[in-house]
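**Student:** Submitted below is the structure of interest, expressed as structure tokens.
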Amino acid sequence: MTGNPIRTTVPLDSAGVHHGFLKLPYSRDDSAWGSIMVPITVIANGDGPTALLTGGNHGDEYEGPIALQELASTLDPAEITGRVIILPMMNQPAFAAGLRCSPLDGANMNRSFPGRPDGSVTQKICHYIATELVPRADIVLDFHSGGRTLDFLPFAAAHVLEDKTQEAACMAAMEAFNAPYSVRMLEIDNVGMFDTEVERQGKTFVTTELGGAGTASARTAAIARKGLRNLLIHAGILSGTPQRNETIALDMPDERCFSFAETAGLVEYLVDLGAPVTEGQPIARIWPADRTGGAPALCHARRDGLLTARHVPGLIKIGDFVALVAVEV
Ligand code: ZN
């Protein structure tokens, strides 16, 4: 063992269907010998690849948890060759609170990898996943959406990597997911991300941004469900024919894809998600929120492309993300 206090209540390497928990002792005022219980399902049959399927990395993003709850409760081991390890709400404390970050330690799980066996609750969960689950996996799918403060065009994404063989495997898996948009993704800051740790271990990795605004729609839940099934077929775990629809390829070549607010106020978007914009075009006006008679500040597109993500709340703070403009390939 690695010194991590987390134990599973189910076997990770046995055939059949096993529903249980990652159990982390967590002594506190309302439960002296209590535990954090992170739900996990392992379904395995025969020799084949392993997929690690995760949602709820951020606790206010819902398409992944919906699709993964359904898979965990309906997948028959006779349908598969290999194994799926399903964590629908990997950041259970944040998910239970409906928050992006954990209320127990304030940590953003997707900035806390590879974690620490002797760290905070979030760091211990990350460390367990990184040392016990990721090494068992051939392919990892981590579902994200925008959460309460962002909204996205629904896309699957893979990263540009130094290892071009690994990058090609990730891009192929992203294409197999077949979201309405497929993005070669540049991260603002990839240090501590689950993505980065999975890729460092040489695994095939796909992530998503399937919507946002703190909820899931019928459309975005259906995109998650279809993509999950397609990915398992692509991995050779599930038999069947993938469901294919048109996907629009988007690239994020550099940091000019991002625009941020340089003033606080009442935000008025001038274009909606999916709209084409050109460099220098105003994307949003930010009106004063505390006085009348002032002109709005303008926030501009920094390159040509499609408006791919935006801020959700009606009020915006200085430094908040305003717009992601991705480039149609
Ligand atoms: Zn997220």
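The values are calculated or read from the model by the stated rules, or taken from the named source; none is laboratory data. Keep in mind that this is a model prediction, so the values were computed, not measured. No Cβ is skipped: glycine too gets one built from the backbone with ideal geometry, and neighbour counts run over all protein chains shown. Protein only, heavy atoms only, side chains kept; ligands, DNA and RNA dropped before computing areas. Shrake-Rupley method; radii C 1.70, N 1.55, O 1.52, S 1.80 Å.
**Student:** Residues of region 99-130 being touching a residue at least 60 places away in the same chain (Cβ under 8 Å), more than 30 Å from Gly48 (Cβ to Cβ) and of a type in the set (Gly, Ala, Ser), which ones?
**Tutor:** Of everything in region 99-130, just one residue is touching a residue at least 60 places away in the same chain (Cβ under 8 Å), more than 30 Å from Gly48 (Cβ to Cβ) and of a type in the set (Gly, Ala, Ser), namely Ser112.
**Student:** Taking the residues in region 83-95 that are out of contact with any Cys (no Cβ under 7 Å at 6 or more places or on another chain) and within 16 Å of the ligand (Cβ to nearest atom) as candidates, determine which candidate is nearest to Thr50 (Cα to Cα). So that I can check it myself, show each step before the final result.
**Tutor:** Residues of region 83-95 out of contact with any Cys (no Cβ under 7 Å at 6 or more places or on another chain): 83-93, 95.
Those still in the list that are within 16 Å of the ligand (Cβ to nearest atom) too: 87-93, 95.
Working: Leu87: 14, Pro88: 16, Met89: 19, Met90: 17, Asn91: 21, Gln92: 23, Pro93: 26, Phe95: 25 Å.
Across region 83-95, the extreme among qualifying residues is Leu87.
**Student:** State the number of residues belonging to region 135-145 that are of a type in the set (D, E, K, R), more than 15 Å from the ligand (Cβ to nearest atom) and open to solvent by less than 10 Å² (accessible area, probe 1.4 Å).
**Tutor:** Of the residues in that region, 0 qualify.
**Student:** In region 51-72, is there at least one residue being farther than 21 Å from Gly211 by Cα, touching a residue at least 24 places away in the same chain (Cβ under 8 Å) and not hydrophobic (A, V, I, L, M, F, W, C)?
**Tutor:** Within region 51-72, not a single residue is farther than 21 Å from Gly211 by Cα, touching a residue at least 24 places away in the same chain (Cβ under 8 Å) and not hydrophobic (A, V, I, L, M, F, W, C).
**Student:** So, in region 151-181, of the ones that are open to solvent by 30 Å² or more (accessible area, probe 1.4 Å) and either within 16 Å of the ligand (Cβ to nearest atom) or aromatic (Phe, Trp, Tyr) (or both), which residue ends up nearest to the chain's Cα centre (by Cα)?
**Tutor:** Asp151
**Student:** So Ile316 fits all but one of (1) out of contact with any Phe, Trp or Tyr (no Cβ under 9 Å at 6 or more places or on another chain); (2) assigned by TED's automatic domain parsing to the domain that holds Val84; what number is the exception?
**Tutor:** All conditions are met except number (2).
**Student:** Look through Arg148, Arg184, Arg219 and report the one residue that is more than 13 Å from the chain's Cα centre (by Cα) and either within 16 Å of the ligand (Cβ to nearest atom) or assigned by TED's automatic domain parsing to the domain that holds Ser259 (or both).
**Tutor:** On the way: Arg184 fails: either within 16 Å of the ligand (Cβ to nearest atom) or assigned by TED's automatic domain parsing to the domain that holds Ser259 (or both); Arg219 fails: either within 16 Å of the ligand (Cβ to nearest atom) or assigned by TED's automatic domain parsing to the domain that holds Ser259 (or both).
Step by step, each of Arg148, Arg184, Arg219 is checked, and only Arg148 is more than 13 Å from the chain's Cα centre (by Cα) and either within 16 Å of the ligand (Cβ to nearest atom) or assigned by TED's automatic domain parsing to the domain that holds Ser259 (or both).
**Student:** Filtering region 51-76 down to residues that are over 19 Å from Leu99 (Cα atoms), open to solvent by 10 Å² or more (accessible area, probe 1.4 Å) and not in a helix (DSSP H, G or I), which residue is nearest to the ligand (Cβ to nearest atom)?
**Tutor:** Leu75
**Student:** Among the residues of region 197-224, count how many are crowded, with 17+ Cβ neighbours inside 10 Å and part of a helix (DSSP H, G or I). Outline the logic, then answer.
**Tutor:** Within region 197-224, the subset crowded, with 17+ Cβ neighbours inside 10 Å is 197-199, 203-214, 216, 220-221, 223-224.
Cutting the leftovers down to part of a helix (DSSP H, G or I) gives us 197-199, 220-221, 223-224.
Going through region 197-224 one residue at a time, the tally reaches 7.
**Student:** I've got another one for you. Would you mind listing the helices (runs of 4 or more DSSP H) fully within region 84-188 where at least 1 residues are in contact with a helix residue (DSSP H, G or I) (Cβ under 6 Å, 6 or more places away or on another chain) and over 22 Å from Ile223 (Cβ atoms)?
**Tutor:** 121-128
**Student:** Can you tell me which condition Arg100 does not meet? The list is (1) buried (at least 16 other Cβ atoms within 10 Å of the Cβ); (2) more than 16 Å from the ligand (Cβ to nearest atom), and all the others hold.
**Tutor:** Answer for Arg100: the failing condition is (2).
**Student:** Also: How many of the residues making up region 225-271 are crowded, with 19+ Cβ neighbours inside 10 Å, under 26 Å from Ala137 (Cα atoms) and of a type in the set (Val, Ile, Thr)?
**Tutor:** Final tally of qualifying residues: 1.
**Student:** Buried (at least 16 other Cβ atoms within 10 Å of the Cβ) and either in a loop (DSSP other than H, G, I, E, B) or not acidic (Asp, Glu) (or both): is that true of Ala295 in this structure?
**Tutor:** no
**Student:** Let me ask something else about it. Residue check: is Arg302 in a loop (DSSP other than H, G, I, E, B), in contact (Cβ under 8 Å) with a residue 24 or more places away in the chain, open to solvent by 50 Å² or more (accessible area, probe 1.4 Å) and within 30 Å of Gly82 (Cβ to Cβ)?
**Tutor:** No: the conditions fail for Arg302.
**Student:** If you check every pair at least six apart or on different chains, which have Cβ atoms under 9 Å apart with a residue in region 223-252 that is over 22 Å from Glu328 (Cβ atoms) and in contact (Cβ under 8 Å) with a residue 24 or more places away in the chain first and a residue that is hydroxyl-bearing (Ser, Thr, Tyr) and surrounded by fewer than 21 Cβ atoms within 10 Å (Cβ to Cβ) second?
**Tutor:** Short answer, once both residue conditions are applied: Ile233/Ser239; Ile233/Thr241; Gly236/Thr81; Ile237/Thr81; Leu238/Thr81; Ser239/Thr81.
**Student:** Here are some conditions: (1) over 25 Å from Leu228 (Cβ atoms); (2) at pLDDT below 95. Leu104 meets all but one. Which one does it not meet?
**Tutor:** Leu104 satisfies every listed condition except (2).
**Student:** Please go through region 18-44 and pick out each residue that is open to solvent by 60 Å² or more (accessible area, probe 1.4 Å) and touching a residue at least 24 places away in the same chain (Cβ under 8 Å).
**Tutor:** His19, Met37
**Student:** Still on this structure, I have one more. Please verify whether region 188-196 includes one or more residues that are touching a strand residue (DSSP E or B) at 6+ places or on another chain (Cβ under 7 Å), away from the ligand (no atom under 15 Å from the Cβ) and at pLDDT 95 or above.
**Tutor:** no
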